[in-house]
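The values are calculated or read from the model by the stated rules, or taken from the named source; none is laboratory data. What you see is a predicted model, and the numbers here were worked out from it, not measured in a lab. In this analysis, Cβ positions are derived from the backbone assuming ideal geometry, glycine residues included, and neighbour counts consider all displayed protein chains. Side chains included, ligands, DNA and RNA excluded: accessible areas come from the protein's heavy atoms. Shrake-Rupley method; radii C 1.70, N 1.55, O 1.52, S 1.80 Å.
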Amino acid sequence: MSSTLKKLLIAMLGSVRDLLPIVLVIVFFQFVVLQQPLPNFGQILLGVLFVVLGLTFFIHGLEQGLFPIGESMATAFAHKGSLFWLIAFAFSLGFGTTVAEPALIAVAEEAAEVAANGAMIAATAAAKQQYADGLRYTVALSVGLAIVVGVVRILKGWPVQWFIIGGYVLVVIMTMFAPEEIIGIAYDSGGVTTSTITVPLVTALGVGLASSIRGRNPMIDGFGLIALASLTPMIFVMAYGMMM
């Protein structure tokens, strides 16, 4: 058996193990609490199989591709010694991965639909598309800037907790002044940015950068970029709502 196939089988067993508690919860409530058979059992079983396969290939792809390339590029930029290109790479990575984030696309489109139904914007396809795009690019801009701040923090060795505390204080203050309709969207935007595409690359960037700088501990300095990436969208989206 080849090493690649062996790694895939190990990853698949891990996916089954991770999904087993969810399956047990559904089975318990369906048969014990609701006391009803599962509808479309064959379709559900096929769906679970696809989830296991998808999760397996996704995790294997992260380990084989995204994590190594993120770490290697961060190390290469650190050795290059050019702060400008490192900052440009960090911003581009945060902005690009967020724009491509499927969860953010879905939330932005749903927010535009709700805004149109609530007469906040015109109920036309163009208006809804403009609103959704504005929301997406606002969030992407905020994540790009957050990654830049996180990279500078790693370079300088600044404690991450002061950024988090200050950021959430600002979020609380802005919540008191932002339109009620945008607050929930802003809070959800912070969650959907840290999803399937953004997290692996940004984490690899932070760990790779901290590992390549003398005096930095990857465990202490390499992590925290995701926290900043989930914090800044709340601030920017509420500001976006205030200006709309």
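Residue 133 sits with roughly 40 Å² accessible to a 1.4 Å probe, with DNA, RNA and ligands left out of the calculation.
Partner lysines whose Cα lies under 18 Å from the Cα of residue 80, excluding those fewer than 8 positions away in the same chain, are identified as 156. Over the chain, dividing the summed -39,500 (n - 2.57) contributions of all DSSP H runs of at least 4 residues by the number of residues returns a 222 nm mean residue ellipticity of -26500 deg cm²/dmol. Averaged per residue, the range 50-121 has 54 square angstrom of accessible surface, using a 1.4 angstrom probe with ligands and nucleic acids left out. Note on the chain: dipole from Cβ charges, positive end direction compared against 69, 189, 117; the farthest Cα belongs to 69.
Only aspartates and glutamates eight or more places from residue 7 in sequence, or on another chain, were considered; those with a Cα closer than 14 Å are 63. Measuring r between the beta carbons of residue 7 and residue 169 and using R0 = 45 Å, the FRET efficiency lands at 0.50. Computed FRET efficiency, Cβ-Cβ of residue 180 and residue 100, R0 30 Å: what is it to the nearest 0.05? E between residue 180 and residue 100, to the nearest 0.05, is 0.50.
Leaving out ligands, DNA and RNA, what percent of the accessible area of the chain is carbon and sulfur, probe 1.4 Å? Before the final figure, lay out each step's value.
Numbers: 9710 of 13610 Å².
On the chain, the fraction of accessible area on carbon and sulfur atoms equals 71 percent.
Note on the chain: dipole from Cβ charges, positive end direction compared against 220, 242, 11; the farthest Cα belongs to 220. With θ taken as phi - 60° and the Karplus curve 6.51 cos²θ - 1.76 cosθ + 1.60 applied, the whole-hertz 3J(HN,Hα) list for the range 73-85 is 5, 4, 5, 5, 5, 5, 6, 5, x, 9, 5, 4, 5 Hz, x standing for glycine and proline.
Under the convention that each Lys and Arg Cβ holds +1 and each Asp and Glu Cβ holds -1, the size of the dipole of the chain around its Cα centre is about 860 debye.
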